[in-house]
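I have placed the structure first, in the form of structure tokens, so that the comments after it can refer back to it.
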Amino acid sequence: MGNQPLDELDRALDQAAMWLKLAERVCVLTGAGISAESGIPTFRASDGLWEGHRIEDVASPDGFRRDPGLVWSFYNARRANVRKAKPNPGHLALVEMEKRWGTKFCLVTQNVDSLHFEAGSRNVLELHGSLRRTRCLGCFTIQDRELEPLGDSPQCPHCRGSLRPDIVWFGEGLPEAVLDAAMQAAYDCDAFLVVGTSAVVYPAASLVPIAKRGKAVPAKVIEVNLTETDASSYADVGLYGPSGQILPKLVKKLDETGS
Ligand code: BV8
Ligand code: ZN
């Protein structure tokens, strides 16, 4: 799909802006693509290898049991990368949208880079946890350790137990309350933006059909991506191009048509 011809993109932006103007409640699902223009590598662009590691070796409980040092070196490298990153205009455009809809706006992210929070978004549901947080295997304390380097076997300051990243690995359940809130927001919304995700990871990807199905009036689904994805079949309109360029254009359209 790649970038659309400009006139086609402009028509699609008008259509998306019209549906957003009519929407009382808006829900957004973001994936790694929204942080790509901040210099954070996405997952599937690296053909399953993640900075030289197999994903199941560094993002699974078995991988952590097998070699916690390897997993911590992988996560420390990502923390260092995120420490250097800044939110991009795509993150900032979603902050603008939250200002418009207030509590009727819900941002659900699969990302663990906390760039939405850095950008100023406040009503953020982190489905897969956060690189900033650690969880103690001994006393279960969760701590926000910002993005400082944590060494290969960090210990809990309370009980000296071993720490793990407070991140949802493959094969692990998502935080129930967060997932429930995200599903409710997807169900309640009138417009659903799906931005920068290949929509292959579940249950996060199930938010897209939830926004459509089982409701008197299905939400209008707006996809923002470089290419078509597994979510595209649910999309009422597709805005294809870098989200750091598309989302600010979309917000500008809202201003133009007044909302
Ligand atoms: C669970 C934390 C059960 C780690 C992550 C077979 C079939 C179906 C499902 C499964 C299956 N086998 C296993 C499963 C379940 C599995 C799953 O869905 N696997 C997939 C891969 C098939 N799910 C799980 O394991 C989940 N848990 O099911 O547990 C259970 C239930 C109850 C109780 C106990 C157990 C847990 C899933 C969470 C895994 N953790 N992250 C970490 O980050 O360190 S998921 C990981 O993938 C990231 O969070 C990431 O966000 C997420 C999704 O990837 P995307 O964000 O979509 O990124 P991707 O690279 O794929 O795509 C980027 C997109 O951006 C592309 O479309 C690209 O075109 C676009 N893009 C790029 N640049 C730009 C852009 N768009 C716009 N602008 C740009 N500039
Ligand atoms: Zn502890």
Practice task
Measure up Lys86/Lys212; Lys21/Lys84; Lys86/Lys249 against 30 Å on the Cα-Cα distance and list the ones that go over.
Solution key: Lys86/Lys212; Lys21/Lys84
Problem - Ranked by how many other beta carbons lie within 10 Å on average, peptides 82-90, 203-211 from highest - result: 203-211, 82-90
Exercise for the section: Please identify the longest segment of the chain free of exposed chymotrypsin sites (Phe, Trp or Tyr not before Pro), where exposed means a DSSP state other than H, G, I, E or B and no more than 15 other Cβ atoms within 10 Å. Expected result: 1-139
Handout entry: Gained length - Asp7 relative to Lys99, 0.36 nm times residue gap less alpha-carbon distance
Key = 30.2 nm
Exercise for the section: Grab the Cα-Cα distance for Arg65 and Gln155, subtract it from 0.36 nm times how many residues apart they are, and report the gain in nm with one decimal. Expected result: 30.8 nm
Fill in the blank from the handout: If the label point sits 7 Å along Cα→Cβ of Ser233, residues of segment 179-210 with amide N under 14 Å come out as 199-200, 206, 208-210
Fill in the blank from the handout: If R0 = 25 Å, then Asp255 and Val217, at their Cβ-Cβ distance, give a FRET efficiency to the nearest 0.05 of 0.45
Problem - Qualifying GluC sites (Glu not before Pro) for segment 1-102 [loop in DSSP, other Cβ within 10 Å: at most 12] - result: Glu24, Glu51
Handout entry: Cα centre as origin, Lys/Arg/Asp/Glu Cβ charges: the chain dipole, Debye
Key = 520
Handout entry: Estimated inter-spin distance, Glu172 and Asp14, nm [label 7 Å along Cα→Cβ]
Key = 4.8
Handout entry: Dipole moment magnitude, nearest 20 debye, segment 156-210 about Cα centre, only Lys, Arg, Asp, Glu C-beta charged
Key = 340
Fill in the blank from the handout: Once the in-chain neighbours fewer than 8 apart are removed, the aspartates and glutamates whose Cα is under 16 Å from Lys99 read Glu24, Glu118, Asp255
Completion exercise
For the chain, averaging the sequence separation of alpha carbon pairs under 8 Å that lie six or more residues apart and dividing by its residue count, the contact order in percent is 27
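Read-outs throughout are calculated quantities, based only on the coordinates presented, and are distinct from any laboratory measurement. Keep in mind that what you see is a predicted model, and the values were worked out from it rather than measured. Here the Cβ is made from the backbone with ideal geometry for all residues, glycine too, and neighbour counts use every protein chain on show.
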